[in-house]
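Here, each number is a calculation from the coordinates, and none is a lab measurement. Given the structure is predicted, the values throughout are model-derived calculations rather than measurements. Please note: Cβ atoms are built from the backbone with ideal geometry, for glycine as well, and neighbour counts cover all protein chains shown.
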Amino acid sequence: MNKQLHRDVWVGALLFAFSVWVLFMAINISGQAAYLPVALSVLMLVCAACIVLNGLRQTKQAGGNFNYTMTLRGGKEAFLFMIFIFLYYFGFRFIGYWVTTPIFLVFTQKYLKVKSWITIALVTVLYTVITFVIFVVILKLPIYKIGILGPYFRIV
Amino acid sequence: MLEILTASLAFFASLEVLIALAVGVIAGMIIGIIPGLGPSVGIALLIPITFSMSPAAALIMMTAMYTTGVYGGSITAVLCHTPGTAASAATTEDGYELTKQGRGMEAISVVTVASVVGGVFGAICLILFAPALGRLSQMFSALEYFLVACFGLLVVSGLTGENRAKGIFMALIGLLIGCVGMDSITGVSRFIFGQLWLEDGLDSTPILIGLFSISQVLILVDRLISGRGATIVDDPAAGLQGKRWEKGLTKKLAPTMFNSSVIGAFVGFIPAAGASIAAWISYSTAKRASKTPEEFGKGSIVGIAASEAANNAACGGAMIPLFTLGIPGSPVTAILYGALLMHGLLPGSGLFIGEQAPLTYAIFIGFLLANILMGIIGVSMAKQLAKVCLVPNSLLVPIIVALAVIGTFALSNSMYEVIIMLVFGLIGYLMKIYDFEPAPLVLGVVLADILEANFRRSLILASTRGGLISYFMQRPISIIIVLIIVMFALVPVIMKVMKKKSAA
């Protein structure tokens, strides 16, 4: 049965549930500050219902044969890469930008099938040096405050 | 007037001023290209550097950086689907689509020419009409700001894509995101879940970078791994085949660029509106007026010209209330306001008469020249810049991610901004999978604060003047804006009816 419904039905249902949750939170805001969030969440409920109805209409029209250009299952590689990006974020947060970034650059280039180690090294070194000059030397960004190894890269 | 303009030209005999102009233009373009960094960061950094410079050189450098920073953000929007600032977001879809088709050079050229036209128009308004327009901008109050935001919201109807309910839902989510944090009128916290860092609300720039840049990176990874595209362009062999400027393009784009410049300068000079709203309104207006609206979002040159002319014209427009009334309508003009005071220039009518007038007009002429110089550099570098589309995605993707992370961190030296950017990157990718447009969400975030705070302020003002209707009737500018909104909403409907009648 699930496969026979257009995915907009499920997406709309999920957004409807989300809108109900938002409405519940908005009602609990005190005074005038609640007006806009309540109004928005009610309108969101209406839109979510329209998305469900539209999904049902598409289900009827297509007769169960749907051709999606992108799917969750097809995006496995992208989600895996997103995990790498989050790991990079945690590396930056807890270790430091100037240590984590070269590792991230080397790893992702290799993962994305760059064959030449010379290219990988060149891109990594050039990027790190240029951004260090721009963000640390010129812009004086306090990146050294982030991560346990951050203070080692504080410019004198 | 002519005497003052002649006297102001004397400032350009100084080598310091000319170097400041060139440095401002180039540095602005570089700052704009880096995601997250924009003219506000660039100008803030210039303040200590320009402290020892002459007022003319310092302020010409800063205003040059303002306009070229907005332009620089559009270059990455076109080439890498990474808008540098919210003002360039409207250019992203069409510009990137052209780049994918191997017409990156043409896209960059259109961006450049439209930016120059808009920028020059804004500068001319500044030079010729600043005092008069300044008085007009004084007539705007909370009610007018609210109505302008409503106009911006109406633009959503043109950006919703095929499924209108999904587009409107995204706009509502954007407005809801704008509600996060402390309410500016009552001080009540909303949707902060006990997190104090959310009290200040969510900045639109990390959301923008996440939705446009990170989500696109994920698509590029997907294409790369599955063997469907090693570069941004579908056919690398035809990557740079397009011309800088096709024959007949001037005739095709001139009306759009002029209309968008007028819209940009007008929206820009309304404090609190700004370049991003100007770009969206202009883009939507161009789409409504177009005979081929279906091309918008799929690589429309007219769409690019509309948003680019408007966002650069808005820069000149935004400087009108700043110089004439001392009203900074955006973070960039607020920093410029500080710079003016630091160099001994007190915004107001005093800047346009007496000894200070030539200096004021020299700054305006410098702003005009900066736009022209930006055009020369941009067009001559279009081919080189467009070569980005031939760089393998396997090299481009890690660099975009690392730059997006550091650029977002640089916004306010906060890791919270980075995590917001990444979360919205993931949301943006899911939105692409399920056919939700990111543009309405971005517009909602940008408009939320202006819309709500000004509506409630106008309610407070109206309560002392006999209620909202009576207050509204006392304000002719509000009535004009409402008429424009009604016209904007009704014109397509009337056109449709007329078309049907003529067909019958």
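Phi angles across the stretch B:461-477 convert, under the Karplus curve 6.51 cos²θ - 1.76 cosθ + 1.60 with θ = phi - 60°, into 3J(HN,Hα) values of 5, 5, 5, 8, 10, x, x, 5, 5, 5, 5, 4, 5, 7, 10, x, 5 Hz, Gly and Pro given as x. Between B:PHE193 and B:MET381, the C-beta separation translates, for a Förster distance of 56 Å, into a calculated FRET efficiency of about 0.75.
The alpha-carbon of B:LYS166 sits under 16 angstrom from the alpha-carbons of these aspartates and glutamates, leaving out residues fewer than 8 places away in its chain: A:ASP8, B:ASP435, B:GLU437.
Computed extension gain for A:ALA39 through A:LYS110, at 0.36 nm per residue and net of the alpha carbon distance, reaches 20.6 nm. Kirkwood analysis of the Cα pair distances in the stretch B:250-383 returns a hydrodynamic radius of 16.0 Å. When B:CYS179, B:CYS389 are arranged by Cβ crowding within 10 Å, least crowded first, meaning fewest neighbours, the order is B:CYS179, B:CYS389.
Taking every Cα-Cα distance in the protein assembly as shown and sorting them into 10 Å bins from zero, the calculated P(r) comes out as 3, 15, 26, 28, 19, 7, 2, 0, 0 percent. Taking the Cα centre of chain A as reference, the dipole from Cβ charges on Lys and Arg (+1) and Asp and Glu (-1) amounts to some 360 debye. Note down the net charge around B:VAL156, summing +1 for each Lys or Arg and -1 for each Asp or Glu among other residues with Cβ under 14 Å from its Cβ. Net local charge, B:VAL156 excluded: +3.
Panel order for A:TRP98, A:TRP21, B:TRP245, A:TRP10, by other beta carbons found within 10 Å of each beta carbon, from fewest to most: A:TRP21, A:TRP10, B:TRP245, A:TRP98. Given in Å, the Rg to one decimal and the Dmax to the nearest whole number for the Cα atoms of the stretch B:1-111 are 16.4, 51. Taking amide H atoms as placed 1.01 Å from N in the peptide plane, the amide H of B:ARG190 lies under 5 Å from those of B:GLY181, B:MET182, B:ASP183, each 5 or more residues away in sequence or on another chain. Comparing the stretch A:73-153 with the 2.2 N^0.38 Å rule of thumb, its C-alpha radius of gyration ratio is 1.21 (two decimals).
If you wrap the stretch B:285-349 in the convex hull of its Cα atoms and look at it from every side, the mean projected area works out to 5.7 nm². Applying the Kirkwood pairwise sum to the alpha-carbon positions of the stretch A:2-62 produces a hydrodynamic radius of 12.2 angstrom.
Applying the Karplus relation 6.51 cos²θ - 1.76 cosθ + 1.60 with θ = phi - 60° to the stretch B:317-322 yields 3J(HN,Hα) values of x, 5, 7, 5, x, 5 Hz, where x marks Gly and Pro.
Checking the cross-link pairs A:LYS76/B:LYS432; B:LYS251/B:LYS383; B:LYS100/B:LYS243; B:LYS251/B:LYS291; B:LYS100/B:LYS432 against a 19 Å limit on the alpha carbon distance flags B:LYS251/B:LYS383 as lying beyond it. Over chain A, the pair-distance histogram of Cα-Cα distances with 5 Å bins from zero comes to 2, 8, 10, 10, 10, 8, 8, 9, 12, 12, 7, 2, 1, 0 percent, rounded to whole numbers. Stokes-Einstein diffusion for the stretch B:412-493 at 10 °C, viscosity 1.306 mPa s, with a Kirkwood radius from C-alpha pairs, works out to 96 µm²/s. Using a simple spin-label model with pseudo-atoms 7 Å out from Cα toward Cβ, A:VAL46 and B:ILE480 lie 3.2 nm apart.
Close amide-amide hydrogen proximity is noted between B:GLY326 and B:GLY348, each under 5 Å apart and 5 or more residues distant or on a separate chain (H modeled in the peptide plane; Pro and chain starts excluded). Rounded to two decimals, the Cα-based Rg/Rh of chain B, with Kirkwood Rh, is 0.96. Charge tally around A:ARG73: other residues with Cβ under 12 Å, Lys/Arg +1 each, Asp/Glu -1 each, net 0. The relative contact order of chain A comes to 21 percent, based on Cα pairs under 8 Å that sit 6 or more residues apart.
Find the centroid of the Cα atoms in the stretch A:3-78 and in the stretch B:414-478, then give the distance between the two in whole Å. One Cα centre to the other: 21 Å. Modelled this way, with points 7 Å down the Cα-to-C-beta line, the labels at A:ARG154 and B:ILE19 are 3.3 nm from one another. For helix A:117-131, report the angle its Cα long axis makes with the longest principal axis of the Cα atoms of chain A; keep it between 0 and 90° and round to the nearest 10°. So the inclination is approximately 90 degrees. How high is the relative contact order of the stretch B:1-148? Use alpha-carbon pairs under 8 Å, at least six apart in sequence, and give a whole percent. Reported relative contact order: 19 percent.
Between A:ARG73 and A:GLN58, the simple label model (points 7 Å from Cα in the Cβ direction) yields a spacing of 1.7 nm.
With contacts taken as Cα pairs under 8 Å and at least 6 residues apart, chain B reaches a relative contact order of 29 percent. On the beta carbon distance between A:LYS140 and B:ILE469, with R0 = 45 Å, the FRET formula returns roughly 0.25.
Summing charges over neighbours of A:ASP8, with a neighbour being any other residue whose Cβ is under 11 Å away from its Cβ, gives +2 when K and R count +1 and D and E count -1.
Per-residue ellipticity at 222 nm, computed for chain B from helices alone with -39500 (n - 2.57) per DSSP H run of at least four residues, works out to -24000 deg cm²/dmol. Between B:LYS499 and B:SER54, the contour length at 0.36 nm per residue exceeds the alpha carbon distance by 154.2 nm. Taking the Cα centre of the protein assembly as shown as reference, the dipole from Cβ charges on Lys and Arg (+1) and Asp and Glu (-1) amounts to some 1560 debye.
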